[in-house]
Amino acid sequence: MAELFKARGWEIGGEEDVSDAYVVNTCTVTALSDRKSRQYIRRMKRLNPQAAVIVMGCYPQTRPEALASMEEADVIIGTEGKERAPELAEEFLKTRERKLLTSGGRPESREYTDHQAIFGSESRTRALIKIEEGCDRFCSYCVIPYARGPVRSRPLESIVSEARGLVEAGYKEIVLSGINTALYGSERPDVSVSGIDGVIEAISALPGDFRIRIGSLEPTVVNAEYVKKLFGYDKLCHHLHLSVQSGSDRVLKAMNRHYSAAEYLDIVRVLREFDPLYGITTDIIAGFPGESEEDFEQTLELAEKAGYLHIHGFPYSVRPFTKAAEMEGQLPPHVKKERNARLGELSEKLSLEFRKSMEGSFQRVLTEERVSVDGREYIKGHASNYCPVYIPAEAAITDNEFIDVRAGEPIADGVAGIIVRT
Ligand code: SF4
């Protein structure tokens, strides 16, 4: 977005600056995200009441009327047509006419809108490549399919060409992202590559010292057999974000998630057999409608067995259009909050156990930034399994380097790194 504005002669300011235009790209995954977006829009308008405030993304796509009723939102775009933002900002500044460019509803487009690869000037360590848009799974709590529309896979040549450009520009980690990356190619039986493994294979073939990470992989799509395919790619990091959402088969069914707790743990087992220090992170919803204390305890049990590096827990949030919003057994906020707090405590405990188990292991770290922890300076990076690693800064290393370390004790959210070879 910044590049699009710059191309038309705009200068880019920060969010505290008095600017002529503000772009607020919204999220609507929970009610809290909606509230934060509304607060942000008001804050931007207060900074400069004369400015054009452009609101875009999933919130207006699903609830255009909610944004239309906010007089601070000058131009309202959905999840499609965002590239017109600079031109629409200029038009608003001339005419002062508010514009609503989305009528809501699920985007119908069946084509992936390709974007020009943009190389920022910021630190060249980790770059995100979007490979896919949309989701057809309709988990009963999730508004995303309504905001993002059906699955559209980006052409493979376009992904590989962006990856090649990024590697040549010096990026050492490529993160494959999308709404449901496991569905890559699923809507186009005519193309030879289906599944994210095909994308990894094509990128792996590029020359250069770099690694590949998958942003997340849906257990609604992949199973234990599928993940074994990933083990053949040396450049692929030993980390998967596998959203489990619940450990109770009853709740998983009500969520319209097509796997059981046992099937999920089978994926975990296969990963850990391949590498006992394979990093697994997850999302869990606390307090889904009808979730009993026993269901929740099954979730905690599954989490213990999975030995997560991190759990991203959040309280269930009622979302428009979704089946779960209409379900009976909606739980009071204090129950959702209390269960979410227990998830937070368990995440801390499991993360510490996992990091202690790494002690003495050899890890290849990609260095990212200089940080200070308890008054000591470190170079921080991530191991292949996504565990943060803190290397004492006195070592003569810079950011964006692969460094081999031996993992030491847990520090902050990661482990200490003792250099074995630079
Ligand atoms: S698979 Fe993910 S994005 Fe798709 S509906 Fe389910 S939770 Fe939402």
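The values are calculated or read from the model by the stated rules, or taken from the named source; none is laboratory data. Being a predicted model, the structure only gives us computed values, none of them experimental. When we count neighbours, we look across all protein chains shown, and the Cβ atoms used for this are built from the backbone with ideal geometry, even at glycine.
Things to note:
- Under the condition of being without any contact (Cβ under 8 Å) to a residue 40 or more places away in the chain, more than 23 Å from Glu97 (Cα to Cα) and not in a loop (DSSP other than H, G, I, E, B), the residues counted in region 13-70 number 4.
- Lone qualifier among Ile397, Ile391 - being over 24 Å from Ser216 (Cα atoms), part of a strand (DSSP E or B) and in contact (Cβ under 8 Å) with a residue 24 or more places away in the chain: Ile391
- Counting only residues that are closer than 27 Å to Phe138 by Cα and touching a residue at least 12 places away in the same chain (Cβ under 8 Å), region 326-344 holds 13 of them.
- Note on region 77-111: among residues that are in a loop (DSSP other than H, G, I, E, B) and polar (S, T, N, Q), the one that is surrounded by the fewest Cβ atoms within 10 Å (Cβ to Cβ) is Ser103.
- Listed by first and then second residue, the pairs with beta-carbon distance under 8 Å, at least 6 apart or on different chains, first residue in region 345-364 and under 16 Å from Ala303 (Cα atoms), second among the aromatic types (Phe, Trp, Tyr) and not in a helix (DSSP H, G or I), are Ser347/Tyr308; Leu350/Tyr308; Ser351/Tyr308; Phe354/Tyr308.
- On the stretch given as region 272-284, residues that are in contact with a Gly (Cβ under 8 Å, 6 or more places away or on another chain) and among the β-branched types (Val, Ile, Thr) total 2.
- Any hit, region 238-246, residues being on the phi < 0 side of the Ramachandran plot, away from the ligand (no atom under 16 Å from the Cβ) and buried (at least 17 other Cβ atoms within 10 Å of the Cβ): yes
- Considering region 245-347, the qualifying helices (runs of 4 or more DSSP H), each wholly inside and each with 3 or more residues that are farther than 25 Å from Pro145 by Cα, run over 261-274, 293-306.
- When Asp209 is tested against the conditions (1) over 29 Å from Phe314 (Cβ atoms); (2) of a type in the set (D, E, K, R); (3) touching a helix residue (DSSP H, G or I) at 6+ places or on another chain (Cβ under 8 Å), the lone failure is (3).
- Close pairs (8 angstrom Cβ cut-off, 6 or more residues apart or separate chains): without any contact (Cβ under 8 Å) to a residue 60 or more places away in the chain and among the basic types (Lys, Arg) in region 137-157, part of a strand (DSSP E or B) and more than 6 Å from the ligand (Cβ to nearest atom) anywhere: Arg152/Glu132; Arg152/Glu133; Arg154/Lys130; Arg154/Ile131; Arg154/Glu132; Arg154/Glu133
- In this entry, Leu183 passes the filter for residues that are within 16 Å of the ligand (Cβ to nearest atom), modelled with pLDDT under 95 and either at negative phi or not assigned by TED's automatic domain parsing to the domain that holds Arg124 (or both).
- Restricting region 72-95 to residues that are free of Cβ contacts under 8 Å to residues at least 24 places away in the same chain and not β-branched (Val, Ile, Thr), the residue that is nearest to Pro320 (Cα to Cα): Gly81
- Contact annotation: residue pairs with Cβ atoms under 7 Å, 6 or more positions apart or on different chains, pairing a residue in region 203-228 that is farther than 19 Å from Gly185 by Cα with a partner that is more than 12 Å from the ligand (Cβ to nearest atom) and of a type in the set (Asp, Glu), are Phe210/Glu173; Arg211/Glu173; Ala224/Asp266.
- Meets criteria (more than 16 Å from the ligand (Cβ to nearest atom), among the basic types (Lys, Arg) and under 27 Å from Phe314 (Cα atoms)) for Arg257: no
- Filtered residues of region 131-161 (kept if touching a strand residue (DSSP E or B) at 6+ places or on another chain (Cβ under 7 Å) and within 15 Å of the ligand (Cβ to nearest atom)): Ile131, Glu132, Glu133, Gly134, Tyr141, Arg148, Val151, Arg152, Ser153
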